[in-house]
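The next block holds one structure in the form of C-alpha cells; read it before the comments.
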Amino acid sequence: MPYDQFLKNQLAADKIQNNDMKNLAALGFLTVGQRFNSMDDIINDRIDVVGRGMLGLTLACARCHDHKFDPITSADYYALRGIFLSCVEPNEGPIIAGDSNSPRYILFNNKIKQYEQKSYQAYYSIVREHGDKIRKNSQAMAEYIMTLGKNPTTEIREKASELAKKNKLVERDVTDNFGRKFRPNDSLLGPFAKMYNDKSTIEQILNDKKQKYSSVVLDFLKKQTVSPVSNEDIAKLIGNFFASIEPLTASVFAQIMNPETKLEDVNFNKDQAEAVVFPFELNLMSDLSIEKLKQIAGKFPMGQQNELTNKTFLNQINELKLTFKGGPVRAMVIEDKPKPVDSPLFVRGNAPKAGEEVKIIPRRFIEVLNTTNISEFSKEESGRQELAEAIASKNNPLTARVIVNRVWMYHFGEGLVRTPDDLGNQSGAPTHPELLDFLANWFMEDYGTKKPAWSLKALHKAIMLSKTYQQSSNTFSKTQLDEYSKLDPSNSLLWHANVRRLDFEAYRDSLLSMGKVLQRDVIGGPSFSVLEEPFIFRRTTYAYIDRANMPDVMMQFDMSNPTEPNTKRSSTIVPQQALFLMNSPLVASIVQNISRRPEMVDAIKLEKNTEKGIITAFRIVLQRTPTQAERKFALNFLLKESKEQEGIKETMKPLAKEAQKKAEDKYKQALNNNNARKAIVNEGQVTERVTFSPWEGLIQSLIFTNEAAYVN
C-alpha cells in the first residue's frame, strides 16, 4: 500500500470510496488512545498523535497559547479540535471479517446473546434487591444518616454505628445507596433533606417553585396533615413514603423487564417507576445494551459496581470477544456526527464561561502548511477526509520528511533529524540536510514499476543497498580510527556502522529462531500472552498488550509506553534483564530447544567430539565460529560444569518437581480465572523443569553475552 494511502486510512478510511472494509481497522490510530474523563483531553491526545506522528509537529503545545517556537497558532489547534469534536465512536464497531454462515460464527453470536440476557437479568436483580432493602429499611437508614450528620465526631460515628447494628444495616449500603441521595436537590429525597437541613415545612416545600421534585413524593406530601418536627418524625415520614410505593413494585418491574416494553407503552408514570428503582436510574430492557450496561455500572457506587461485575457476564463477554476464534471481527472506528460543529477558541485553554465573547474557529488545516486556497473545510462533514488529503499531499513539505527520517532511524539507530516526532525549530538541524531533502522528494515521485510513488518498500531497499548502510562497524586502522574519532566522535556523519541493540520483540524472535521454534507460517489472528506459560512461539508482534497493566519484563527491556506517542525507545542495561535471562522459563525452554536441534545433537553425540559441539553452539547463538581463546574457555566451562553436576542432579529433582507443580497450578488458575485481564490464556504444556546439562549451561552463557542481543 502506498504510504499516502496508508495515512489517509488512519484518519478517514470510512470516507474513502471503494476502500476495502478491512481498512477500517486503520481508524484504531485515533481510537486506541488513552481514555480520559474529559472529552477535551481525548481530543488533545488525538491532535497530539496526528501532529507528532504524521507531521513531526508538537501541535498540542498550541492548546493554551500560540506555539512558542513553531508557526502554529491557537487558532490552528482549535480548527483541528473542531474536526475531532465533530466525530463520535459508535457503541459497536462495524464487522470487517468473519463468515456469518460458519458454525463458529453462529456459536459466538448465540453465546453473546445468552451472556447479554443473563447480564440484564443480573442487573435488574441487583436493582430490585437494593430497592427492596431501602424500602424495607428506609426509616432506619434515614435515622442513621441524620444521626451521622455532616461533620461527625468519633463519638457521633460510634452512635450511628450502634444504630446501624441495632437495625441490622450495612453501613456501606446506607452511605452509598441512601446517603448519597439524601440531598436537597434530589428529586425523590430532596424534600426530606430540606426538612432536615433547613427545617422546611411541608407547606413551604409544596409552594417552592424553584425545585423540581418528583410528582410521586409531592403527591404523598399533599396527603400529610402535619409537618415533621424532629429527626425521628422525618425518618418515620420517609418510611411511610417508601411503604406507599411498595404496591407498585411488582407491576413496574414486570414491565421494565419486558423486552417489548417502550416508555410510551407503560401504564405507570415515569416518576413512579423512578421511585420504585431508587436509588438507581430507570432503564427499560428494550433500551439496554452491553455498552449501556457498562456506562450504568460506572455510575454505581463502588460496592454495587463490584457486585454488578461479579453477578453479570461482562467479563465473560470481554473474554469471548478477545479469545473466540471464528467470530465476527470488528474495527474500532470513529464516524462523523450528523451535524458537524466548529470549535470556539479557548483562551489559555479554558472553555468560555457564560456571557463571555466567543471566537469560533472554522475547521481547516494548519495555515502555515496550507498550499491551497481552501480557508475552511466542508460544513457538511467533520473534515477528516480533507485533513487526511492535506497531510498526505505532495505539497506538504513535512509528511515525507517525517517518514523518511523515521525509516532512516530504524536502520541506523538515529534519524537524520535526532527528534523524529519534532521537526520544528527546536529539533536541531539535520546531520545531512541535502540527503533528507533528496530522499523525501524521491520517495514521493512515481518512477512506475521501478519505484512507485510513496513506496516504503522502495525506500527500505534504497537505504539498505547503499554503501553507507553496508559498512562494517570497524574496518579501520588505528590511525584512521583516532583521526575519525576526533573529527566525529558520535559518528553522526556515519563513517562506520553503529552497533545497535535489538529491541525486546526482535530479541525474543531471535531467541525463538535459535531454538528452531519460531512459527513463521502463523500470520494474523488473535494475540497471545507473551510471558505466560504455556509459551506460544509466534512472532512477538502478536503479543497481547494491556495498556493499563504492562508486564514488568517488557518495561525492563525498554518497551515503549503504549499510552502515548513515542519518539524512540530508550536503550538501558539493568540487572533485571540479566535476571530474566537467568531465571525465565521462556529462556529455559529456548535453551532446551537449542540443545535438541539435530546439528547440536549430532555434534555432541560422541563425548570426544567436544570441539565440534562448541563450534555448533557458537554458530547457532552468535552466528560465527569461536576464536581459539573462546574454544578454550568453553571447554573449561564444560569440564567444570560436568564435575559440579555429578552430585547436583539428585538434589535438584525435588525442587524441580515443586517448581513444575507451581507452574501447572498457576496455569490451571489462569484457565479458571474470570478476570478479563487474564482472558488471554495460552494453550499447551508448561516448560519442563529440569537441571541444565553442561551443554545447556554453555548455550545459556552464550545467550547471556551482549553479542547475542546486538546487531553488529
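Within the chain, what percent of beta bridges assigned by DSSP are antiparallel, to the nearest 5? Here the antiparallel bridges make up roughly 90 percent for the chain. Summing Cβ point charges (Lys, Arg +1; Asp, Glu -1) relative to the Cα centre of the chain gives a dipole of roughly 1260 debye.
Applying a threshold of 26 Å to the alpha-carbon distances of 223/270; 461/568; 111/661; 118/661; 181/270 flags 111/661; 118/661 as lying beyond it.
Among 138, 642, 477, 510, the order by Cβ neighbours within 10 angstrom, fewest to most, reads 477, 642, 510, 138. For GluC sites (Glu not before Pro), the sites in the stretch 361-393 that DSSP calls loop and that have at most 10 other Cβ atoms within 10 Å are 380.
Annotation: amide H of residue 97 within the under-5 Å range of 329, sequence separation 5 or more or interchain, hydrogens built in the peptide plane. Across the stretch 504-711, the relative contact order, built from alpha-carbon pairs under 8 Å that are at least six residues apart, equals 28 percent. Taken one residue at a time, the phi angles of the stretch 331-345 give Karplus couplings (6.51, -1.76, 1.60, θ = phi - 60°) of 9, 8, 10, 10, 9, 6, 6, x, 10, x, 10, 8, 8, x, 8 Hz. Gly and Pro are set to x.
Database remark: amide H of residue 361 closer than 5 angstrom to the amide H of 343, 345 (H placed geometrically; neighbours at sequence offset of 5 or more, or on other chains; Pro and chain starts carry no H). Overall size of the stretch 1-89 from C-alpha positions, given as principal axis extents largest first: 41, 30, 19 Å. Modelled spin-label separation between residue 185 and residue 357, with each label point placed 7 Å from Cα along the Cα-to-Cβ direction: 3.1 nm. Applying the Kirkwood pairwise sum to the alpha-carbon positions of the stretch 103-323 produces a hydrodynamic radius of 19.1 angstrom. Per-residue Karplus couplings for the stretch 202-219, computed as 6.51 cos²θ - 1.76 cosθ + 1.60 with θ equal to phi - 60°, are listed in order as 4, 4, 5, 5, 5, 8, 7, 8, 6, 8, 9, 9, 4, 4, 5, 6, 5, 4 Hz, Gly and Pro entered as x. If one computes the Cα centroid of the stretch 372-437 and of the stretch 1-62, what distance in Å separates the two points? What the calculation gives is 14 Å, centre to centre. Against the chain, whose longest principal axis comes from its Cα atoms, helix 231-245 is set at around 80 degrees. Between residue 519 and residue 506, the modelled labels are 2.4 nm apart [label points 7 Å from Cα along Cα→Cβ]. The structure-derived value of percent of Cα pairs over 34 Å apart appears in the list [x] 62; [y] 54; [z] 65 under the label [z]. Structural descriptor for the chain: relative contact order 17 percent, calculated from alpha carbon pairs under 8 angstrom and at least 6 residues apart.
For residue 501, the amide hydrogen comes within under 5 Å of the amide hydrogens of 711, counting only partners 5 or more places away or on other chains and with H modelled in the peptide plane. Counting other C-beta atoms within 10 Å, which of 241, 637, 192 has the fewest, and how do the rest follow? By the 10 Å Cβ count, ascending, the order reads 637, 241, 192. Our note on the geometry: Cα centres of the stretch 680-712 and the stretch 465-519, 24 Å apart.
Residue-wise HN-Hα couplings along the stretch 365-372, as the Karplus relation 6.51 cos²θ - 1.76 cosθ + 1.60 with θ = phi - 60° gives them from phi, are 8, 4, 4, 5, 9, 7, 9, 10 Hz; Gly and Pro carry x. What is the gain in length, in nm to one decimal, between residue 109 and residue 96 on full extension, counting 0.36 nm per residue of separation less the C-alpha to C-alpha distance? 3.1 nm is the gain from fully extending residue 109 to residue 96. Between residue 203 and residue 151, the FRET efficiency from the beta-carbon distance, with R0 = 45 Å, is close to 0.90.
Only the coordinates and a few stated rules stand behind these numbers; no lab work does. Note that this is a predicted model, so its numbers are computed, not measured. We place every Cβ from the backbone using ideal geometry, glycine too, and count neighbours over all the protein chains shown.
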